[in-house]
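Worksheet: the structure to be examined is printed underneath.
The values are calculated or read from the model by the stated rules, or taken from the named source; none is laboratory data. Here the structure is a predicted model, which means the values were calculated and not measured. Positions of Cβ are backbone-derived with ideal geometry, glycine not excepted, and every protein chain shown enters the neighbour counts.
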Amino acid sequence: MYLQDLNLNSIDYAVLKTDLINGITEEEVPSEEEVKLALASMYTLANTKISSLYYRDVVAVNDAKKQHFSFHLAGNTLWMNLKKFLAHELPHNASLSTIIDTIIDYLSSVISGGVIISFLVQKVVKYVASVDYAAGVPVAVVGYATV
């Protein structure tokens, strides 16, 4: 998978993953609404950035998108689809490493241009690591292995 940052520079996945693992304890567990907001933000920022590669009048394109775009709907849809993906792909008692791999696999396929915004991904990882989607119950983040 090819991942890019918001400046459309290639991301070294090993570095991103290490940063996500190291940052897991630094942040409080976000609410589900914050996760939805993070997903919608990443989607919107990536689309805006990628538009400059394909459209002559980026401002007009982005203005047209804003008129019909629902931030709330985007966040809910991305989150609903991510939860389905996790329930299907994430094994019970998955390691933090596996959780990150699974989330990045999903995001790289639905976010335009594979644009990954690490501080937003961190929120998603932190939340997902606090819930066992295979069993459907909350778990302690501290108990996750990092490999």
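When LYS36 is tested against (1) part of a helix (DSSP H, G or I); (2) of a type in the set (D, E, K, R); (3) surrounded by fewer than 18 Cβ atoms within 10 Å (Cβ to Cβ); (4) without any contact (Cβ under 8 Å) to a residue 60 or more places away in the chain, only condition (3) is not met.
VAL29: more than 17 Å from PHE119 (Cα to Cα) and at pLDDT below 95, yes or no? Spelling it out, it is not the case that VAL29 is more than 17 Å from PHE119 (Cα to Cα) and at pLDDT below 95.
Cβ separations smaller than 8 Å between residues 6+ apart or across chains give the following pairs from segment 56-73 residues that are part of a helix (DSSP H, G or I) to residues that are among the aromatic types (Phe, Trp, Tyr): VAL61/TYR55.
The listed residues are THR25, THR44, and the only one of them that is touching a residue at least 12 places away in the same chain (Cβ under 8 Å), of a type in the set (Val, Ile, Thr) and crowded, with 16+ Cβ neighbours inside 10 Å turns out to be THR44.
Evaluating SER97 against the criteria (1) at pLDDT 90 or above; (2) farther than 14 Å from LEU20 by Cα leaves one unmet condition, (2). Return yes when SER70 is surrounded by fewer than 13 Cβ atoms within 10 Å (Cβ to Cβ) and either under 12 Å from the mean Cα position of the chain (by Cα) or of a type in the set (D, E, K, R) (or both) and no when it is not. Spelling it out, it is not the case that SER70 is surrounded by fewer than 13 Cβ atoms within 10 Å (Cβ to Cβ) and either under 12 Å from the mean Cα position of the chain (by Cα) or of a type in the set (D, E, K, R) (or both). Taking segment 109-130 as the range and being over 10 Å from the mean Cα position of the chain (by Cα) and in a helix (DSSP H, G or I) as the test, the residues that pass are SER109, SER112, GLY113, GLY114, LYS126, TYR127, VAL128, ALA129.
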